[in-house]
1. Which of the residues belonging to the stretch 52-65 are among the hydrophobic types (A, V, I, L, M, F, W, C) and open to solvent by less than 30 Å² (accessible area, probe 1.4 Å)?
2. Out of the stretch 85-106, which residues are surrounded by fewer than 16 Cβ atoms within 10 Å (Cβ to Cβ) and among the aliphatic types (A, V, I, L, M)?
3. Does Ser13 satisfy the condition of being assigned to a helix (DSSP H, G or I), among the polar types (S, T, N, Q) and out of contact with any Gly (no Cβ under 7 Å at 6 or more places or on another chain)?
4. Has the stretch 30-51 got any residue that is open to solvent by 40 Å² or more (accessible area, probe 1.4 Å) and within 12 Å of the chain's Cα centre (by Cα)?
5. Cβ-Cβ below 8 Å, separation at least six or inter-chain, first residue in the stretch 72-90 and of a type outside the set (Ser, Thr, Tyr), second modelled with pLDDT under 85: which pairs?
6. Taking Val77 as meeting all but one of (1) modelled with pLDDT of 90 or more; (2) open to solvent by less than 60 Å² (accessible area, probe 1.4 Å); (3) not small (Gly, Ala, Ser), write down the number of the exception.
7. Pull up the stretch 1-29, narrow it to residues that are of a type in the set (A, V, I, L, M) and over 14 Å from Gly94 (Cα atoms), then point me to the one that is most open to solvent (accessible area, probe 1.4 Å).
Amino acid sequence: MGMTSSALYRYYSSRDVLLTELARDGFASLADALEAAEAQSAQRGQLRDRFLRVVRAYRSWSLAHPAQYALMFGTPVPGFEIYAPEAKAEMIRGVNVLFRVMIEGI
């Protein structure tokens, strides 16, 4: 990045604020990928195919972004938990895609 690790704290007030922003960005990226898969599959019809496209998009994203996935869903940083409303809003946006496809199937 062309800066020292301590220079990051000119932009973020603490480690937790930085990690929260990284997690928020990860949730937003995942939600974008799921929404794109949902939109593409909505044009093609069958629910089974739509569901498979969405869950495959989830898997593809997680494999392509292992560090972000670990931060978002694992416990890679002792004592860090994601509580910020902005991060939760992006997480909910992605979960809603999965729920929409499942509810439609029910």
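The values are calculated or read from the model by the stated rules, or taken from the named source; none is laboratory data. This is a predicted model, so every value here is computed, not measured. Glycine gets a Cβ as well: all are built from the backbone with ideal geometry, and neighbour counts include every protein chain shown. To get the accessible areas, we keep the full protein, side chains included, count just its heavy atoms, and leave off ligands, DNA and RNA. Shrake-Rupley method; radii C 1.70, N 1.55, O 1.52, S 1.80 Å.
1. Val54, Ala57, Trp61, listed by residue number.
2. Across the stretch 85-106, the qualifying residues are Ala89, Ile92, Val95, Leu98, Met102, Ile103, Ile106.
3. Criteria not met by Ser13.
4. The answer is yes; a qualifying residue exists.
5. From residues that are of a type outside the set (Ser, Thr, Tyr), the pairs are Met72/Ile82; Lys88/Ile82.
6. (1)
7. Out of the qualifying residues, it is Met1.
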